[in-house]
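Data block below; observations after.
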Amino acid sequence: MNTDRALTNLQRRLIDRILEFVRHEGLRPGDRINEQQIALRLGVSRTPIRTALALLQDDGVVLRRPGTGVVLVNLPDDSGTGSETRELAPSAAREEALVLRIATERDRQELGDEFSVVELAERYGVARAALVPILERLAGLGMIEKKPGYGWRFLTDWNLTIVDESYRFRMVIEPAALLEPGFSVSRKWLDDTRAAHEIFLKKAWTEDMSVALFETNAAFHEDLAAASGNRFYREAVRLQSRLRRFAMYNWRSGRVRVEKNFTEHMAILDAIERGRLDEASDLMRDHLRIAWESTSRRFSPAAS
């Protein structure tokens, strides 16, 4: 890797995590690298992923080919890359585990509304420098914000009243978004979204997949709202994702609900592909109703 460039901590961290993803997936030179899949897996937007891939192209690791996308051309030795990054941040697996722990403890009300980096570092036994990129990531998702002067605060809460209001609202706007006159999705988006869903449908479920699960789910709903061509639908659904993130990172429904949730998504995609938007709208409403019932059970006395 070219060590002469002045990379930001985020860029170093993303490069390390992309290479870790490539190795985990067993990709070989000549294989295509799916930007959306990486963005969903790492829980970041495509923009920083594209920047990191451009840096990897400068190093001869990947190549962006017109009409093909990004292709892996050379995979560096694991021992020779990312040492600077690993001093600043945990590995991708450890980072996901820490994000999940923060989300779980916030969802259980074990973390208060405000906190400091020092408090979290002591609580989780990690270096403060390792927490910085994690907090930047959560802030970028609208889950926390830096307080003026010192410390951080959580921005979202999730209780039965908010759950009920959220799903009633979503059952109005998300089916309607599919019926907007300007609604349109590309073949590439359909293919990429199916591929991202199939990862979860094929793999054995483990608890550490819950962050990537939610981001894949949120991307599905947000992208369909954006495809309406109506900015108000798009922003409304993004806000709903922000409200749900901490609770949904703490996924409690297991493998069965993962399969049902994503199978319902696939049915919506099939209806859209056939041009049956009325059917897709009805399927979306049913999907949200079922999700509402499942989520509400978390707050019932029997679930406590």
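Only one of these is modelled with pLDDT of 80 or more and out of contact with any strand residue (DSSP E or B) (no Cβ under 6 Å at 6 or more places or on another chain): Asp4, Asp16, Asp78. Name it.
Answer to the check: Asp16.
Look at segment 247-256 and say how many of its residues are surrounded by fewer than 17 Cβ atoms within 10 Å (Cβ to Cβ) and either of a type in the set (Phe, Trp, Tyr) or in a helix (DSSP H, G or I) (or both).
Number of matching residues: 3.
Can you tell which of Gly30, Gly112 is part of a loop (DSSP other than H, G, I, E, B) and at pLDDT 75 or above?
Just one listed residue meets the conditions, Gly112.
Which residues, counting only those in segment 120-139, are small (Gly, Ala, Ser) and out of contact with any helix residue (DSSP H, G or I) (no Cβ under 9 Å at 6 or more places or on another chain)?
Gly125, Ala139
Looking only at residues that are farther than 30 Å from Glu235 by Cα and among the acidic types (Asp, Glu) in segment 112-144, which one is surrounded by the most Cβ atoms within 10 Å (Cβ to Cβ)?
Glu119
Restricting to segment 264-296, name every residue that is within 22 Å of the chain's Cα centre (by Cα) and either of a type in the set (D, E, K, R) or under 30 Å from Asn159 (Cβ atoms) (or both).
If the condition is that a residue be within 22 Å of the chain's Cα centre (by Cα) and either of a type in the set (D, E, K, R) or under 30 Å from Asn159 (Cβ atoms) (or both), then Glu264, His265, Ile268, Met284, His287, Leu288, Ile290, Ala291, Trp292, Ser294, Thr295 are the ones that fit.
Could you say which residue among Val185, Val211, Val172, Val163 is touching an Asp or Glu at 6+ places or on another chain (Cβ under 7 Å) and under 30 Å from Val256 (Cβ atoms)?
Of the residues listed, the single one that is touching an Asp or Glu at 6+ places or on another chain (Cβ under 7 Å) and under 30 Å from Val256 (Cβ atoms) is Val211.
Can you tell me which residues in segment 174-188 are farther than 14 Å from Trp292 by Cβ and either at pLDDT 90 or above or not assigned by TED's automatic domain parsing to the domain that holds Asn217 (or both)?
Ala176, Ala177, Leu178, Leu179, Glu180, Pro181, Gly182, Phe183, Ser184, Val185, Ser186, Arg187
This table checks each residue for (1) buried (at least 21 other Cβ atoms within 10 Å of the Cβ); (2) in contact (Cβ under 8 Å) with a residue 60 or more places away in the chain; (3) not assigned by TED's automatic domain parsing to the domain that holds Ala219.
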| site | (1), (2), (3) |
| --- | --- |
| Arg13 | yes, yes, yes |
| Asp16 | yes, yes, yes |
| Leu19 | yes, yes, yes |
| Arg23 | no, no, yes |
| Gly26 | no, no, yes |
| Gly30 | no, no, yes |
| Asn34 | no, yes, yes |
| Gln37 | no, yes, yes |
| Arg41 | yes, yes, yes |
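Only one residue in Phe154, Phe214, Phe220 is farther than 20 Å from Val99 by Cα, in contact (Cβ under 8 Å) with a residue 24 or more places away in the chain and buried (at least 16 other Cβ atoms within 10 Å of the Cβ), so which one is that?
Step by step, each of Phe154, Phe214, Phe220 is checked, and only Phe220 is farther than 20 Å from Val99 by Cα, in contact (Cβ under 8 Å) with a residue 24 or more places away in the chain and buried (at least 16 other Cβ atoms within 10 Å of the Cβ).
Looking at the structure I just gave you, is Met171 closer than 17 Å to Leu40 by Cβ and not small (Gly, Ala, Ser)?
Here the answer is no, as Met171 does not meet what is asked.
The values are calculated or read from the model by the stated rules, or taken from the named source; none is laboratory data. On a predicted model such as this, the values are computed, not experimentally measured, just so you know. Virtual Cβ from ideal backbone geometry, glycine too; neighbours counted across all protein chains shown.
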